[in-house]
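Reviewing the structure listed below.
The values are calculated or read from the model by the stated rules, or taken from the named source; none is laboratory data. The structure displayed is predicted, hence computed values, not measured ones. Neighbour counts run over all protein chains shown; Cβ positions are idealised from the backbone, glycine included.
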Amino acid sequence: MRRQLFQLLAIALLAGLVPGITAARAETPITLSIAPAIAGDTAVHAGQAILVSGTAPEGPVTAATLIALEDGGTTSTQVVPSGALNRTDDGTSDFLRNDAGTLSGRLTLGCIFREPVDTCPTAHGNPRGAVLEIQIGTETGQSSPLRVDYTRPYIKGYKLVATGAIVIEFSEPVRNADGDSALDWTVTNPARTPLMIGGAGTADCSYGPGEDATAGPGGCTRRLTIQAVGEDAEPLTTFNPALIRAAYTDLASNSMLRTAGAPSSNAVDKIAPRIPTISTIDGKNAAGVVSSQNPAPAVVVNNATNGHTITLYRESSATPGFDKSQDTQLASAVVSAGSASFTLPAFASDGSYTLYALATDIHGNDSVDGAGSVAADDATYALDRIAPLPLTAKTTGSAIAVSFTEPIVGTDNASQWTVTGCAGNCTVQSVTGQGDTRVLEMTSGSVAPAGAQVAWAGGNYADAAGNVLAPFSSLASQGSVAVVVDLEPEGGTQAVAEDYTLRLTVADTLGNPVAGARVGIRAVSGPSSSTNNGSGPGVLNICTSQSDGSCTLAYRSNATGLDTVQAWVAGSGTAPSPEPVGAEDANDQDVVTVTWTAEGADIELDASPESSTGTIDDTHIVSVSVKELGSPFDTAAPASIKGVNVDLAATTGPNSGWLGQCTTDAGGLCQISYRSTVTTDSEGLQSWIDRNRDNDSSGDLFLSDAESQDADGLPVLDDPSQDVVTRTWLPGSVTAPIPGTRSVSIAADRSEVRYGKPVHLTGTVTFEEGCAVDKVAIERRLGGGVFKFFKNVPAGDGSWDFDLAPSWSARYRATVPANDSCAAAISPATFVGVKSKVTASVNRVRVKRGRCVTVRGVVAPVDRGGDIVLERKRAGTWRSVKNTKLNERSRYIFPKCFGKKGRVKLRTRSLENDSNLAGVSPQIRVRVTRR
C-alpha cells in the first residue's frame, strides 16, 4: 500500500497536480536529483541527510526548499537556510552550491519528514515523499520524489515450511550489517529442548516452495534450519534481543523494534500432508467392476498420518479431475494406524464412479501435488448390478450364434446346450466364441429354422462384475445370420476428375467371409449425390464379393466438395434394393467420406476473349471455363469441373492487382467483371485456379509461371491451370462518371487461438467524398467452403472492430458493396486458426510397477470420431504411445500400463482436422513404484 501511494504521489507531482509544486519553464532547464546519504538505502526520514547532484545554468543558488509530499495530496515545506546556500563543503555542515553549472550539496531533513507529532513546530501530514526545489536567478527546478519511510520493521511471524525448516517473516525487506546468524533466534520443542542447528538463510526477500507470501511487496524472509520435528509440530521460535550482534534495519535505515510484532511465538504449521492412497474397494474385481453382491462397498485409504482427516469425494461428471469445490463429499474419517475406512452410499444407478481421497492435517493444510496445488488420490470402479440375459439366436449353416446383453465369461460346455425344433440331428457338438456371443456348432447337416428353440441348463457364465447368467429354456431362433459390410478407407481426399477406389468386405456376424453377395456404393450427400447410373439416385457402382468376401469399386467426381458414401447390400435382381438412407448404423451398411479437391488435379483453364478493346463506359466480362485435362488418346470430350474457385488479376497497367473471383457451375463456367476509370494500352489479365480454395488473392498469383510468348508471338502454356488474356481501354464516347473509390482493411490480434478464447478483429475504411461508409459486412469461410455473410459491424468513424470467440478455424474478410456512384471494396482475407481444447486426467498419480492407470478427457469443440494420441515424454521429446478415436461425446479413454519404476510424464494430443488445429492437454505426472 505504501509503495502504491508513493507511486501515485510521484505521478501527481510529475503531472503538476500537487498544489504548490510547479516547475518553472526555463530556456536552459535545471536538472536536479537527490539520493540518501547512507549507502544502500532507497528511502529517507527526518534527521537523515540527502545528497544533491545535477546541472544548471551558471550562477549562485538564490533559494532552496525541501517539500514533503503527504497523504491526501497535501504538502509541507522546509526552507533551506540562506547560510547553507553557496557554502563550501566542510564535511559536516549542510551546503548547496552551483560550480560552473554543476550542482552539489548535502542537506538534512527536518521534522516534517517523520510521523505527525506535537514536538514538531511545523504542523504537517503523513509524509511519503521528499522533493528538492531550487532557484537560480529567475529559473526554478525540481528533483524527482525520493521515498520517505520512518516506520520501523518488525517480525510478523514464523512458519514451519518443512520438518527441518522455519521461515521468519518480516514486515518489510530488512538487512543486517553483520550478516544473518542463527544466534539471533532460539527454537525449542514443547519440552523447551533447543532445536536450532544453524543458518539464518539469505536476505533474498523471496519465498520458497510452500511458503505463503502474505506480506506486502517483496516481504522479506529468513530461513532457519532446525532439527527435524513432526509434520504437525509448531515449535516455539524466539527472537533474542540480548544476543543480537547488530541491528536489523530496513532500506531507510530504520532499526527493527525489538519488542513489537512477534518476537516469540509458535511457528505456524504450513506443511501439507502427503497424498493418501485408496488401497481397497471391496468387491472390485480385476476388471475394475463391483457387482450386485457389493452395492455399497467399503473403501480403505492408507499412506496417511495418524490424526489427520481423510475426506472421500465423488467426482462430478461436469468437472473431470479433482475439484474440492465441485466434487461431492461422501464421508470423512480420522486416520488411525495409518489408514481410514469408509462405507460408500448405495448409488442409485449403475455406471462408472471415480473416488478421491484428500488428506487434511490438524492445522487445516490439505494434501498437495508437486506444483503446490491441492491434490487427492483417485480410484475408479464400475458399478454393475444387472445380470446378463440372452438376446438373440441366429442361424448360419449348422451353427447358431447366441448373443447376450453384455459380454460373459466362463467355461463353454456343449452338454449344457440343447436345440429343438430343427431338421436333422440338432445335438450341440461344440461351443466357441467370446464376449457377448457364443456359437453352437450342431451335428453336420442340421439346420435350425426360424422358431427353433435354444436352451441352456446353467453353468458358470457371468459378466465382468460376477453377476451370474440364469438358465433359460426357450430362446427362439430368428433364422439366417445377417451379413456385415465394411467399407474402407474411412475417409480420403482425391483430385477431381480422377478415380477414387473403395474396398467392400462382406462377412457374417460370426466373422466368416460371404462370397457372391451383390453390394454397392452410393453418395447420400455431396457433389456426387445427383449421380444416377440407372440403378437409383446417388448410386455410383455395384460389385459381387469374391471368395474372400471382398470386392473393389471406383468412381470419380467432376465437382469439388465432400461426398458421404454409403455401402449397402443389393437385392438379388439387377436393380439394387438399398435400405433407407440414414440407417448408417445397420450391420449391412457402412459410411465413409471422400473430399474432392482441385489440388493436384489434371485440369485446364481457358479464359476468353483472348483479346478485347472497349471504352471506359463498358464493363468488361472475362469468361472462364475449367475442364478435365484431355489426352490425345481420349475419345470422350473432357468433363467440365464444378465448384472450382478462379481468380482474376491485372498483371500490368494502372489496374494491376486482384480484380475478383468466381466459382464454376455445373458446366465448368463462371464470369468475372470489372471496369476501368482510365484508358490503357493492352493490359495483361491473368486468371488461375485457386486450388486450395483459400480465397486468398495475395498468395496465389503464379506470376513466375504465367504464360509467355514465343518468337512468333504465340502463347506458351507454362501451366494449364492458368490463362492470360489482354484488354485495351479507350476513352468513352461520353465522359463516364468515375466511380468513387473505397478501400477496407482487416486484421486479427492473433492468428491462432485456443477454443473458447476471444479474438479481436479490427479494420479501417477509406473513401472519397460522397462515398462514406456506415458499416462493413464481415464474411467468413469455413474449411473448403465459400465466403458467407457473418456479421454487420458499424464503421461510421472510418474504423470498425468486434470480438468473437470462434469454435472453428476460418478465414474472414471485410466487404463494402458498390452503389450507383461508388465502387465496391473487399479486403484481403485473414486466417484465424482455432486449436482444439484438450483436457486430460489420470485415475491415480502413483502406481506400482506392472499395474495400469487410465487417462481420459474431452476434446472441444465436439469432434466425433476424431483422432486422439497419447504421448509420453522421453529424453526431452514427446513420443506417441497409442492412438484412438473420440466417441460420440468427443471423449476418450487410454489405459496405460508400466513395466519399470520411475516418474512418467504423459499428455494427449488431438490431431489437426478440417475444422480445428491440433490441441494439446496439460501434462500429467505418474510415479511408478516397485511392487
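Considering region 442-470, the residues that are of a type outside the set (Phe, Trp, Tyr), part of a strand (DSSP E or B) and at pLDDT 85 or above include one that is farthest from THR411 (Cα to Cα), namely GLN453. Given the criteria touching a residue at least 12 places away in the same chain (Cβ under 8 Å) and on the phi > 0 side of the Ramachandran plot, does GLY91 qualify? No: the conditions fail for GLY91.
Test SER623 against the stated conditions and say whether it is at pLDDT 85 or above and in the same structural domain as SER676 (by TED's automatic domain parsing).
Against the criterion (at pLDDT 85 or above and in the same structural domain as SER676 (by TED's automatic domain parsing)), SER623 qualifies.
Residue count for region 318-351 satisfying the condition of being part of a strand (DSSP E or B), surrounded by fewer than 15 Cβ atoms within 10 Å (Cβ to Cβ) and among the small types (Gly, Ala, Ser): 3. THR493 falls short on exactly one of the conditions (1) surrounded by 16 or more Cβ atoms within 10 Å (Cβ to Cβ); (2) in contact with a Phe, Trp or Tyr (Cβ under 9 Å, 6 or more places away or on another chain); (3) modelled with pLDDT of 65 or more, and that condition is (1). Within region 50-68, residues that are farther than 18 Å from ARG106 by Cβ reach partners that are of a type in the set (Gly, Ala, Ser) with beta carbons closer than 7 Å, at six or more positions or on different chains, in the pairs PRO57/GLY101; GLU58/ALA100; GLU58/GLY101; GLY59/GLY137; THR62/GLY137; ALA68/SER76; ALA68/ALA130. In region 889-906, the residue that is farthest from GLY876 (Cα to Cα) out of those that are part of a strand (DSSP E or B) and of a type in the set (Phe, Trp, Tyr) is TYR892.
How many of the residues in region 352-383 are buried (at least 21 other Cβ atoms within 10 Å of the Cβ) and either part of a strand (DSSP E or B) or not assigned by TED's automatic domain parsing to the domain that holds TYR313 (or both)? Within region 352-383, residues that are buried (at least 21 other Cβ atoms within 10 Å of the Cβ) and either part of a strand (DSSP E or B) or not assigned by TED's automatic domain parsing to the domain that holds TYR313 (or both) number 10. Only one of ILE21, ILE38 is out of contact with any Asp or Glu (no Cβ under 6 Å at 6 or more places or on another chain), at pLDDT below 90 and either surrounded by fewer than 14 Cβ atoms within 10 Å (Cβ to Cβ) or in a loop (DSSP other than H, G, I, E, B) (or both); which? One residue alone meets the criteria, ILE21.
If the condition is being on the phi > 0 side of the Ramachandran plot and either within 26 Å of the chain's Cα centre (by Cα) or surrounded by 13 or more Cβ atoms within 10 Å (Cβ to Cβ) (or both), then region 764-790 contributes only GLY783. Only residues that are under 27 Å from GLU406 (Cα atoms) and among the hydrophobic types (A, V, I, L, M, F, W, C) were counted across region 359-394, and they come to 8.
Among the criteria (1) more than 30 Å from GLY125 (Cα to Cα); (2) of a type outside the set (A, V, I, L, M, F, W, C); (3) in contact with an Asp or Glu (Cβ under 8 Å, 6 or more places away or on another chain), the one SER76 does not fulfil is (1). The number of residues in region 845-866 being assigned to a loop (DSSP other than H, G, I, E, B), in contact with a Ser or Thr (Cβ under 8 Å, 6 or more places away or on another chain) and surrounded by fewer than 17 Cβ atoms within 10 Å (Cβ to Cβ) comes to 4. Out of GLY105, GLY83, one residue alone is modelled with pLDDT of 90 or more, within 20 Å of GLY47 (Cα to Cα) and assigned to a helix (DSSP H, G or I). It is GLY83. Within this structure, SER53 passes the test of being of a type in the set (Gly, Ala, Ser), modelled with pLDDT of 95 or more and either part of a loop (DSSP other than H, G, I, E, B) or farther than 20 Å from ASP149 by Cβ (or both). Taking the criterion of being at pLDDT 70 or above, in contact with a strand residue (DSSP E or B) (Cβ under 6 Å, 6 or more places away or on another chain) and not hydrophobic (A, V, I, L, M, F, W, C), the residues of region 504-530 that qualify are THR505, PRO513, ARG518, GLY520, ARG522, SER525, GLY526, PRO527, SER528, SER529.
If you take just the strands (runs of 3 or more DSSP E) that sit entirely in region 748-802, which of them hold at least 2 residues that are assigned by TED's automatic domain parsing to the domain that holds ALA814 and modelled with pLDDT under 90?
Values: elements: 752-754, 759-767, 775-782, 788-794.
Qualifying strands (runs of 3 or more DSSP E): 759-767, 775-782, 788-794.
Please enumerate the residues belonging to region 388-425 that are aliphatic (A, V, I, L, M) and either surrounded by 18 or more Cβ atoms within 10 Å (Cβ to Cβ) or assigned to a strand (DSSP E or B) (or both).
LEU391, ALA393, ALA399, ILE400, ALA401, VAL402, ILE408, VAL409, VAL419, ALA423, listed by residue number.
Taking (1) within 26 Å of TYR381 (Cβ to Cβ); (2) in contact (Cβ under 8 Å) with a residue 60 or more places away in the chain in turn, VAL920 satisfies each apart from (1).
For region 672-689, the set of residues classified as in a strand (DSSP E or B) and of a type in the set (S, T, N, Q) consists of SER673, THR680, SER682, GLN686, SER687, listed by residue number.
In region 820-865, what count of residues is obtained for those that are over 23 Å from the mean Cα position of the chain (by Cα) and free of Cβ contacts under 8 Å to residues at least 40 places away in the same chain?
Residues meeting the conditions: 1.
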